[in-house]
Each structure stands twice: as structure tokens, then as C-alpha cells.
């Protein structure tokens, strides 16, 4: 990063990491609407300077039923996400949510969510899919006894569980 980058807006915002931030009068001004250093005049001037051939990312997603998620990232920084309540799902030790302003889905570790007690009731628990057939170990036992024409208590138990296999 050069000395004049802050002057010409070529540096990143220390809060959200978006390019185009400027420092003036001891304050940081950021073009990102979801950043706490947001400056509308800077965002408008940056929108005018965008080349026409380049696709601009849209920041127009707003949740119908917003829920605030307070999160501490791996660097120890506290972040607040606004998510759609109906999009919250649990996947292993994470909660997946569609967040504003981009509408992208992100995975947040449950260990780092600061208001987990408020978030848990809104999470949709999807039931685990029922296995459609025998597990790998069960298939191994079935195949062995079928090949050798033998039997065992375990084989009979698995055979009773999956009679059509």
C-alpha cells in the first residue's frame, strides 16, 4: 500500500475490507453500505467511476423477516449479520444463513455465535435422510456370506432388515 493510496481511494477499509475507502479528517470513509464507516457521497462517486463493461455486484437484498446474528470471527473481531430467519439451517456444527446486503449464504460456526440462544429456536432442523439400503459394513457382510454360501447371526439380522437386497 502506497502513501497516496488513502488520498486516491485505492486502499481497503480496515473494518469490512472493501476497496475504495478513504481517510479524511482522521475518519475512514467506506463505500460499503453495510460498513459502520459508510459514506453515501463516497459510494455515489465510486458508482459513477465504474467502467461500463464491468459487472457491478448488487447490494439490494433485504430480508423479509430479519434476525440479527452477533458473531466473533477467527481474528477476534465482532461482526453483526442481518439474516433471513427462514433461511437459517443447521449443518453439522455450523448455521447457514442468507445475509444482507448481498443475499449470499454463509456458514457461521455455532461456537462463535454470541447470541446462539436467540438464533437456535429459528433454525430449521432438517431430518437426516433415511438410509435407502445397507451401510458399507452391512453390504460387506451380506456379500461375504452370499459368496461363500454361509450364514451367521449378524448376516441373518441384516438379511431380516433388508429382505430385498
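No lab work stands behind these numbers, since they all come straight from the coordinates. Bear in mind the structure is a predicted one, so any value in this text is a computation, not a measurement. So basically every Cβ, Gly included, is an ideal-geometry build from the backbone, and we count neighbours across all protein chains shown.
Within 10 Å of each residue's Cβ, count the other Cβ atoms and sort 72, 137 from fewest upward.
Going from least to most buried by this count: 137, 72.
Ranked highest first by the average count of other Cβ atoms within 10 Å around their residues, in what order do 26-33, 157-164, 141-148, 105-112 fall? Each step should come with its number before you reach the end.
Details: 26-33: 16.8, 157-164: 11.0, 141-148: 12.8, 105-112: 14.2.
Ranked from most to least packed, the peptides come out as 26-33, 105-112, 141-148, 157-164.
How do 67, 119 line up, fewest other C-beta atoms within 10 Å first?
Working: 67 18, 119 23.
In increasing order of surrounding Cβ atoms, one gets 67, 119.
Please compute, over every Cα-Cα pair in the stretch 105-165, the percentage with a separation greater than 16 angstrom. Here the tail beyond 16 Å accounts for 61 percent of pairs.
Please report the projected area of the stretch 66-122's Cα convex hull averaged over all directions, in nm². Could the numbers behind the result be given before it?
Working: hull surface 14.4 nm².
For the stretch 66-122, the mean projected area of the Cα convex hull comes to 3.6 nm².
For residue 73 and residue 135, what does the FRET efficiency come to when R0 = 45 Å and r is the distance between their Cβ atoms, rounded to the nearest 0.05? Please report the intermediate quantities before stating the final value.
Numbers: r = 38 Å, r/R0 = 0.83.
So, using R0 = 45 Å, E works out to roughly 0.75.
Available extension along the chain between residue 164 and residue 24 is 43.0 nm, counting 0.36 nm per residue and deducting the alpha carbon span.
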